[in-house]
Amino acid sequence: MPVILYIDDFGSANSMIQHFGNEFDVMDELIQARYDEFIKSGAITHITTNVKPVDFKEKFNERITSRMHQMFNVIKFPDK
């Protein structure tokens, strides 16, 4: 049975890190790993975010945005 992952406030913080001199984005790596599990076993990932769907391409790269569109259903709550 696939593990369900919940990520709260996705995209609110800088997720770039240095590892042995190489810079990479932890959230990109996490979404890619979850996408691979989604394709392989149907793993479910839930996120909450304040990033609007139209702003995803500015905030995240094209590959990750595409993966997210395949994995997630968007539920928009009305503005206050």
Kindly indicate whether any position in the stretch 11-29 is assigned to a loop (DSSP other than H, G, I, E, B) and in contact with a strand residue (DSSP E or B) (Cβ under 6 Å, 6 or more places away or on another chain). yes
Out of all the residues in the stretch 33-47, which are under 10 Å from the mean Cα position of the chain (by Cα) and open to solvent by 70 Å² or more (accessible area, probe 1.4 Å)? HIS46
Output yes when any residue across the stretch 66-75 is hydroxyl-bearing (Ser, Thr, Tyr), at pLDDT 85 or above, under 13 Å from the mean Cα position of the chain (by Cα) and not in a helix (DSSP H, G or I), and no when none is. no
Scanning the stretch 44-65 residue by residue, those polar (S, T, N, Q) and not in a loop (DSSP other than H, G, I, E, B) turn out to be THR45, THR65
Kindly check whether there is at least one residue in the stretch 18-32 that is among the acidic types (Asp, Glu) and exposed (fewer than 11 other Cβ atoms within 10 Å of the Cβ). yes
Just give me the residues in the stretch 49-74 being β-branched (Val, Ile, Thr) and open to solvent by less than 70 Å² (accessible area, probe 1.4 Å), in sequence order. THR49, VAL51, ILE64, THR65
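The values are calculated or read from the model by the stated rules, or taken from the named source; none is laboratory data. Here the structure is a predicted model, which means the values were calculated and not measured. Backbone-built Cβ (ideal geometry, glycine too); neighbour counts: all protein chains shown. SASA here: full protein model, heavy atoms, side chains in, ligands and nucleic acids out. Shrake-Rupley method; radii C 1.70, N 1.55, O 1.52, S 1.80 Å.
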